[in-house]
Ligand SMILES: [Zn+2]
Ligand SMILES: [Zn+2]
C-alpha cells in the first residue's frame, strides 16, 4: 500500500526539472470536502481521488461525444503500446462501450523489436487485454517490414522517423485487416502540443494541416486509411499517469532508448512554459485547431496508392517503402476505392 501511495505522489508531481508550483504543497481540499491529491493549475482547482478520476473520464467522454469519435456500429482498433497513455485509452473505451452490443474493441500492438524495451511493454499490454477480455493482436516490424528496428538502425540516424513511419504503416494495415472502422491512438495533450510546434519549426504546414486529430476529419478516411481518433487529445500526460496509477491499470513506464532529435527539446521547452504559464499546451492545440480550416484549404498532393505496396500515400512511393525497402508487399487487402479528390488509385493499380 505504501508503494502505491508513493506511486500516486510521484505521478501527481510535475515532470523532472520543473519547479514545484507553490500551491501544490498547500493541502487545499477538493470541492467535495475530501483531501486533495491533485491540483489542476490552469483551473485553479484541487481534486480528491474520486473527483479527479470522474473529471478525467467526463473530459474524455465529452471529447468523444462532441467530435462524434465513436458512432453506432463502430469497430474500434486501439493502438496499444503498453505505456500509460494507450493503456488508459483502452481501459476508458472499454469502460464506456463494453456494454454496447453494437460497438466492439480490438487492441493492436506493434512489436518494433527494440531489445529490453518492447518486451516489457508488450507483457503489460497482454495483461491489460486479459484483464478486460479484449481481443489482442500483435504485429511485428520483423514480419511486416522485413527487419526489427534495432536491425534497421544499424545503418540509419533518425530512429524516431523510421520507427514512427513503420508503426503508423503497420497499425493502419492491421486495423484495416481487423475490419476496424476507426483506429484509436493514445496521443495526449503534451504529444499534440509538441507535434504542432514541431511542424511549425520544420516549416511543414501542409503536414500540420493533415495532422490526424479527430475522426470528424473525413479527409483521412478512404483510400485504405482507417480514420484515426484521439480521445485523449485534451488530457495532459501527467493526468494520464495519475489515472493509470489510481485505477491500477497495468502499464510499463519503460522509456525507448532511441528517443532523440527535436521532440525531447520541444518537450522540455513546453514543460518550462507550462510551469510558468499554466494552460500553455491547451493554447497551442486550440490555436492550431482554429488555423486548421485555413491549412486544409491550401493545395496539397492528392492521396494515391503507393506504386510498390498499394498502401495509401501522397507520393509515388510511400514513406514506409522508402525507409523499409525489405518489406513484403501485401497490397491485395487494399480496397481499390476511388478517392474524393483524385482518380489516381485505379490508374496506379492497373499500371503496376
Ligand atoms: Zn472530491
Ligand atoms: Zn509503399
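Bear in mind these aren't lab numbers, they're just calculated from the coordinates by the rules spelled out. Keep in mind that what you see is a predicted model, and the values were worked out from it rather than measured. Here Cβ is always computed from backbone atoms with ideal geometry, including for glycine, and neighbour counts include all displayed protein chains.
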When the chain is fully extended, how far beyond the present Cα-Cα distance does residue 307 get from residue 283, taking 0.36 nm per residue of separation? 4.6 nm
Starting with the fewest neighbours, write out 307, 86 ranked by other beta-carbon atoms found within 10 Å of each beta-carbon. 307, 86
Can you tell me the FRET efficiency between residue 294 and residue 97 if r is taken as the Cβ-Cβ distance and R0 is 35 Å, rounded to the nearest 0.05? 0.55
Label-point separation (nm) for residue 143 and residue 61, each offset 7 Å from Cα along Cα-to-Cβ? 3.7 nm
Label points 7 Å out from Cα along the Cβ direction at residue 315 and residue 255: separation in nm? 3.1 nm
Percent antiparallel among DSSP beta bridges confined to the range 57-296, rounded to 5, stands at 5 percent
